[in-house]
Amino acid sequence: MSATPVNNRLPPPSFERESRPYDHTVPELAKWEIYRLSEDRQAFIRTLEEASSKRILQESGDNLTDVLSKTVFSEQERTRAEPWKVDPPNERRYWKRQAKLLATQSLDEDEPTTAEEAAHAILHRIVRRYADEIVGTFKIPTFRFARRFLTFFFGRLLNAADGRTFTSLFSKKILLQEKLLVRGYVDQVRKLSRKGTVILVPTHFSNLDSILIGYALDQVAGLEAMAFGAGLNLYNTGYTAYFMNRLGAYRVDRRKQNPIYMTTLKTMSRLIIQRGVPSLFFPGGTRSRSGALETKLKLGLLGTAVEAQRARYQEGRDDKVFIVPVVLSYPFVLEAQFLIEQHLRREGQDRYIKPKDSFHSLRSIMKFVWGVFSKGNEITISLGQPMDVVGNRVDEDGKSYAPSGRHVSTREYFRDQYGKINADLQRESEYTRLLASRIVERYHADGIVLPSHLISYAAFAILERTFPKDDLYALLRLPAEDFYFHHAPLVEVVEQLRDILLQMELEDRVKVSGELRNPGEKIISLGVDSIGNYHIDKPLSYDTRGHIVSDNFSMLHYYHNRLSTYNLKRKVRWPQNMIGDERKE
């Protein structure tokens with residue numbers, strides 16, 4: 001990055017520092033909170049059963065039987081219509097028995113006979129079954145093996161990719177942290193992890209996110225392992241289940257949407273945060289199908305962080321829960337084609353055929369890693385500005401500051417009119433919405449824009465501008481092979497967008513990579529090279545005549561969407577004659 005910056009303003013040092021591994025904040029794995037939880041698993045499950053049952057009884061009131069009936073019915077339907085290999089062998093029989101007990105008010109010997117006692121007994125059995133399924137374990141030997149294996153796997157592939165051939169597989173050592181970059185408020189997050197409990201809330205673009213974040217936090221940022229949710233479907237595969245069962249993941253079954261299961265899951269999250277276990281969950285809920293940064297977050301697990309903070313204050317504790325937004329910036333995304341086609345089919349109904357997600361192919365993963373590293377690309381994991389559970393910025397000492405800059409006490413947010421710390425679920429739901437809004441703001445402010453993001457955004461915006469009467473689906477039906485982007489207008493648009501982003505960076509509304517401080521020609525070259533590495537149908541590439549072309553406008557739309565929520569197009573002065581038509585030449 002030897003080119004002269006477009007302006008004299010440099011980004012915060014933490015976003016541009018040289019990548020280096022940190023020492024671990026807690027070197028002894030046996031002192032990690034996730035390990036202590038695992039060692040106390042059975043006692044924790046009993047606590048979870050008690051707390052979840054109490055919450056369900058409070059919320060259901062006199063309607064407990066109705067809640068049980070709906071739960072049992074939905075579970076019977078699930079086991080009939082959508083069985084999984086990972087389900088217990090007696091799953092259908094279990095739920096059939098619960099239905100019988102509920103219908104007969106449990107007249108079996110040694111069972112309670114009143115309707116209320118029967119309902120309470122069935123509730124406890126169901127909650128205990130869910131709790132035992134959800135709560136994971138953490139085995140130190142398995143963690144150490146996974147750490148060594150991932151270091152070897154990524155490191156060897158990186159060496160080979162750097163040499164452009166698998167013959168260099170065991171040649172010179174290339175440090176993974178030089179390619180898997182952890183940027184942002186790393187030092188502050190490390191300090192806060194010693195003062196309270198850190199909750200990471202990342203964006204979600206790929207199924208590789210959890211692996212890459214977990215590995216980078218351990219081997220680069222030096223943080224403790226975090227509890228994280230893993231879809232129960234991942235346990236259908238033997239080797240995946242083996243590791244998931246031993247690396248601190250708690251199981252999430254998205255087939256189960258009944259209130260008893262959801263309450264048990266959220267109570268588990270609250271209790272582990274309250275206990276002090278650092279956690280990671282994706283508040284967007286699932287991978288971004290469109291490729292855009294999340295703007296609407298799911299509030300369920302976020303709300304558990306708010307409740308855990310209030311519960312700590314009720315216990316007389318002062319330690320805080322810190323929320324850290326995390327943004328992953330890939331030069332290209334492994335499952336991009338599957339995701340955008342799924343998104344377009346959902347939005348456009350019958351205009352798209354549902355594709356097959358081939359993520360689980362080991363060959364596709366290796367090809368992806370090779371594609372990232374073989375052209376000097378990097379994956380950036382940005383730790384955003386930490387905040388408290390109501391969205392206030394916190395400093396490295398854990399002190400909270402309102403948007404006005406005034407120092408505030410988080411404890412005061414949980415007092416009632418008489419000055420007592422109390423539970424108020426309606427109030428806390430408002431805090432959760434406020435927190436979600438602030439997380440979305442920091443996703444945009446702390447996410448690092450790469451050349452591939454900028455060039456894709458510019459190219460698709462030019463396409464839209466050239467055919468203003470066409471809606472999105474009409475644009476996507478255009479024959480991509482017949483068009484190319486005129487070079488000079490593309491450079492002009494890229495440079496305008498670059499300058500807009502650099503100004504926004506001054507206002508703390510975005511972060512840009514050092515590569516975006518280059519002239520437009522260089523940004524285009526870098527962006528096209530990186531985004532064209534992996535996909536068969538390349539979003540952008542050079543043809544034999546040196547024209548910039550797209551093989552697939554849907555893919556170009558996906559990568560364009562990474563900047564779509566910044567509303568940049570209204571600030572561009574559009575040049576003339578931006579697209580060439582090869583049919584007329």
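For the reader, a short list of remarks on this structure follows.
- Flag if Phe73 is under 30 Å from Arg194 (Cα atoms) and of a type in the set (Phe, Trp, Tyr): no
- All helices (runs of 4 or more DSSP H) inside the range 254-359 with 3 or more residues being crowded, with 21+ Cβ neighbours inside 10 Å and modelled with pLDDT of 95 or more: 259-275, 300-314
- Taking the numbered list (1) closer than 29 Å to Arg346 by Cα; (2) within 30 Å of the chain's Cα centre (by Cα); (3) assigned by TED's automatic domain parsing to the domain that holds Thr544 in turn, Pro479 passes all entries but (2).
- Once the range 261-296 is narrowed to residues that are farther than 26 Å from Leu247 by Cα and of a type in the set (A, V, I, L, M, F, W, C), the residue that is farthest from the chain's Cα centre (by Cα) is Ala292.
- Qualifying positions in the range 538-577 - farther than 17 Å from Arg498 by Cβ, more than 30 Å from the chain's Cα centre (by Cα), touching a residue at least 60 places away in the same chain (Cβ under 8 Å) and not in a strand (DSSP E or B): His547, Gln576, Asn577
- Which listed residue, of Ala311, Ala249, is over 20 Å from the mean Cα position of the chain (by Cα) and among the hydrophobic types (A, V, I, L, M, F, W, C): Ala311
- If you go through the range 393-421 and pick out every residue that is under 28 Å from the mean Cα position of the chain (by Cα) and loosely packed, with under 14 Cβ neighbours inside 10 Å, you end up with 4.
- Cβ-Cβ under 9 Å pairs, at least 6 apart or on other chains, the range 283-297 side outside the structural domain of His557 (by TED's automatic domain parsing) and closer than 17 Å to Val449 by Cα, far side charged (D, E, K, R) and in a loop (DSSP other than H, G, I, E, B): Ser288/Glu294
- Filtered residues of the range 555-568 (kept if of a type outside the set (Phe, Trp, Tyr) and surrounded by 19 or more Cβ atoms within 10 Å (Cβ to Cβ)): Met555, Leu556, His557, His560, Asn561, Arg562, Leu563, Leu568
- Residue within the range 527-546 that is among the aliphatic types (A, V, I, L, M) and over 22 Å from Ile340 (Cα atoms) present: no
- Top-ranked residue of the range 193-222 - restricted to ones that are surrounded by 19 or more Cβ atoms within 10 Å (Cβ to Cβ) and charged (D, E, K, R), ranked as farthest from the chain's Cα centre (by Cα): Asp218
- Condition met for Leu383 (of a type in the set (A, V, I, L, M) and buried (at least 19 other Cβ atoms within 10 Å of the Cβ)): yes
- Residue in the range 439-460 that is part of a helix (DSSP H, G or I), in contact with a His (Cβ under 7 Å, 6 or more places away or on another chain), closer than 30 Å to Ser564 by Cα and among the aromatic types (Phe, Trp, Tyr) present: yes
- Cβ pairs under 8 Å, 6+ apart, first in the range 190-219 and farther than 26 Å from Val390 by Cβ, second part of a loop (DSSP other than H, G, I, E, B) and among the small types (Gly, Ala, Ser): Phe205/Ser288; Phe205/Gly291; Gly214/Ala225; Asp218/Ala225
- Residue within the range 123-132 that is crowded, with 16+ Cβ neighbours inside 10 Å, of a type in the set (Val, Ile, Thr) and at pLDDT 95 or above present: yes
The values are calculated or read from the model by the stated rules, or taken from the named source; none is laboratory data. In this text the structure is predicted, and so the values were computed from the model without any measurement. Reconstructed Cβ throughout: ideal geometry from the backbone, glycine too, with neighbour counts over all protein chains shown.
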